[in-house]
Amino acid sequence: MEDGKEVSTNSLLKDECYSDFLEEDFDVKTYTAQAIHHAVIAEQLAKLAQGISQLDKELHSQVVARHEDLLAQATGIESLEGVLQMMQTRISALQAAVERMRTKIVDPYNKIVGRITQLARLQVSLNIIYVIVNYVLQCC
């Protein structure tokens, strides 16, 4: 029975009516224009409907034949989604920890920079006062 399905699927794929769909450069507009030009629309539609029906049957048989594998893959996907969710939670926690660390580092750094700026201005002020005191002492 499996060989019969393979043969029917292969014959479907080799049929010139369906081979156009398998080409890399398939264009719907060109195909439709040719069907209209040759005036075989009803025949083409019937063949396409038959092909769709046969492909549906083949798809169904493939799903039935491989349902265990498909279920295993679906279960694997669900477990991967769980792992992904856990990783996203951990990444969020890590980002929050980094933000807390940044706050603990940046705030003191900004205070230090501010104090250094104050110290530099104070030194400039003291140098000016020193020059003024020396000038006043020399004048008197």
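The values are calculated or read from the model by the stated rules, or taken from the named source; none is laboratory data. Keep in mind that what you see is a predicted model, and the values were worked out from it rather than measured. Cβ sites come from the backbone with ideal geometry, for glycine too, and all protein chains shown count toward neighbours.
Per-residue answers, yes or no, for (1) surrounded by 10 or more Cβ atoms within 10 Å (Cβ to Cβ); (2) at pLDDT below 70:
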site	(1), (2)
Asn10	yes, yes
Leu13	yes, yes
Glu23	no, no
Ala46	yes, no
His60	yes, no
Met86	yes, no
Out of (1) modelled with pLDDT of 75 or more; (2) loosely packed, with under 11 Cβ neighbours inside 10 Å, the one Thr30 does not meet is (2)
